[in-house]
Structures are given as C-alpha cells and as structure tokens.
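Read the figures in this text as sums done on the coordinates, not as results from a lab. Just so it is clear, the structure is predicted and the values come from calculations on it, not from any experiment. Quick reminder, even Gly has a Cβ in these numbers, built from the backbone with ideal geometry, and neighbours come from all protein chains shown.
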Amino acid sequence: MEGVNTEGQWIIMMGFLVSLGIFFLAIIISQSTLVGQTTAEGVLEFPKNDIQDLRHDILQVENFERTNCPSGSGCPTLMGNISQEIEQISLYRKSALVHYTLSSWDCSGRRDVVIHYDNGVTVYDETTKIFYSC
C-alpha cells in the first residue's frame with residue numbers, strides 16, 4: 001500500500017487557523033474603535049467650560065453681595081433678581097437647569113455656595129466654602 005499524502009490537509013488546516021486569527025483580530029479592532037468613539041463622545045458631551053463660566057459668575061455675584069450690601073441686610077430683592085436671571089440665561093442659552101444658594105455668613109467668616117447644574121446629560125453639584133476675614 002502506498003502512504004497517504006497528508007501535506008494537503010496540513011495546508012488547508014493552517015489556512016483555516018490563519019483565517020480564524022484574522023477574523024478575531026478584525027473583531028477586536030472594530031470593538032476598540034467603538035470604545036474609543038464612545039469615550040471621545042463622553043468627553044465632548046461634558047460641559048466643562050459651561051460649568052466653569054457658571055461657577056465664575058456665581059462667585060462674582062457672591063463677591064458683589066459681600067462688598068456692596070450692608071452687613072445683615074443681604075440685599076434680598078437684588079440678589080433674588082440676579083439669581084433668577086442667571087437661572088433663566090442658563091436655561092435659554094445652554095438648555096441647562098441651574099440653581100445656586102448662598103448661605104449667610106457665620107461668625108467664623110465662612111460661607112457656603114451650593115451650585116447645581118443639570119443639562120439632561122450631565123448633573124453637577126458643588127459646595128464651595130468661602131472664607132472672609134473682617
């Protein structure tokens with residue numbers, strides 16, 4: 001009997017293994033692009049500049065109240081109007097719900113500023129402590 005020639009079977013089997021390897025590499029590469037895209041979208045959707053601008057404006061309002069309002073009065077009407085205007089401007093220009101509160105000064109010269117920002121995708125809450133010595 002003649003010997004069976006198995007070289008053709010090895011060539012076919014190695015070709016099959018190489019094609020499976022290429023297939024798995026293609027799946028891994030396609031998944032990595034999807035992960036990279038969703039990560040980039042998450043970074044782009046985070047409104048960092050909007051939050052920084054809002055925080056800057058609110059701290060300017062706090063500084064205005066501290067320097068221009070007599071101690072104890074707090075200028076409630078003026079500060080209420082400024083608060084409403086900031087909330088409305090954020091809603092109309094950025095489509096974001098903004099709410100902030102300025103606590104009254106305590107005897108140690110400390111004040112809390114609480115900022116809430118929500119644009120439907122990102123919710124941001126911050127409590128800033130401001131110290132001021134008289």
Under the Karplus relation 6.51 cos²θ - 1.76 cosθ + 1.60, θ = phi - 60°, what is the ordered set of whole-Hz ³J(HN,Hα) values for the range 115-120, x standing for Gly and Pro?
10, 10, 10, 8, 10, x
Taking 25 Å as R0, compute the FRET efficiency from the Cβ-Cβ separation of ARG66 and LEU97 and round it to 0.05.
0.45
Two-site FRET efficiency, ALA26 against LYS48, from Cβ-Cβ distance with R₀ of 41 Å, rounded to 0.05
0.70
For the range 65-134, what is the relative contact order in percent, using Cα pairs closer than 8 Å and at least 6 residues apart in sequence?
20 percent
